[in-house]
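Read through the structure below, which is laid out as structure tokens, and then see the notes.
FYI, it's all coordinate maths here, none of it is from the lab. Note that the structure is a prediction, hence the values are computed from the model and not measured. Here Cβ is always computed from backbone atoms with ideal geometry, including for glycine, and neighbour counts include all displayed protein chains.
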Amino acid sequence: MAMVTSASNGGDDEDGLDAAPMADINVTPMVDVMLVLLIIFMVAAPLMTTGVPVQLPKTSAPKVAQAKKPLEVTVDKDGNPSIAKEVLTMESLVPRLRDMAAENKDQVILVRGDRDVPYGKVMEVMGLVGQAGFAKVSLVAQAPGGSATAPSPASPAGTAR
């Protein structure tokens, strides 16, 4: 069964051009719409992360204190300990550290030892820091690149990572 259309000009459309269906999709408008949607979601996403709005109660509790800078105990090349550029003797180190521990036992202590100091001397100073009451003691070493590195301050007394 064949269907014949009325063709007055030999199969041409009324304007005289062949009217073959266009098989290509025009992508430009689709890309424009997708970019607009992307921008809308980029702007809206941070706004949606807020929680349920509540009225928080007022309190008289003090604000949480910021973490203090770690205290450095240095052992120089002669084996003498010092705290913050204050040179001490081994006998005066423990009382000085106990005074500091009375203020804040959670203070982080970094022990720095000169490379020429025997390992036992540095460990002796670490033991004295632990005796004074500090629990967060770490060793400081120099990385191969040249910058000083310290482990995380959460290591227990007498140990280093």
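Annotations
- Amide H within-cut-off set for VAL73, under 5 Å, with H built and near neighbours excluded: LEU110, VAL111, ARG112
- DSSP beta bridge pairing in the stretch 51-120, given as percent antiparallel to the nearest 5: 50
- Charge sum, other residues only, whose C-beta stays under 15 Å from ASP78's C-beta, Lys/Arg counted +1 and Asp/Glu -1: 0
- Three principal axis extents describe the C-alpha atoms of the stretch 36-90; from largest down they are 69, 39, 12 Å.
- Whole-angstrom gap from the stretch 68-126 to the stretch 18-50, using each part's C-alpha centre: 64
- Residue order for MET22, MET126, fewest other beta carbons within 10 angstrom first, comes to MET22, MET126.
- Over 32 Å (Cα to Cα) - which of LYS58/LYS85; LYS58/LYS105; LYS63/LYS136 fall in this group: LYS58/LYS85
- Restricting the stretch 63-123 to trypsin sites (Lys or Arg not before Pro) in coil, as DSSP defines it, with at most 13 other Cβ within 10 Å: LYS63, LYS68, LYS77, LYS85, LYS105, ARG115
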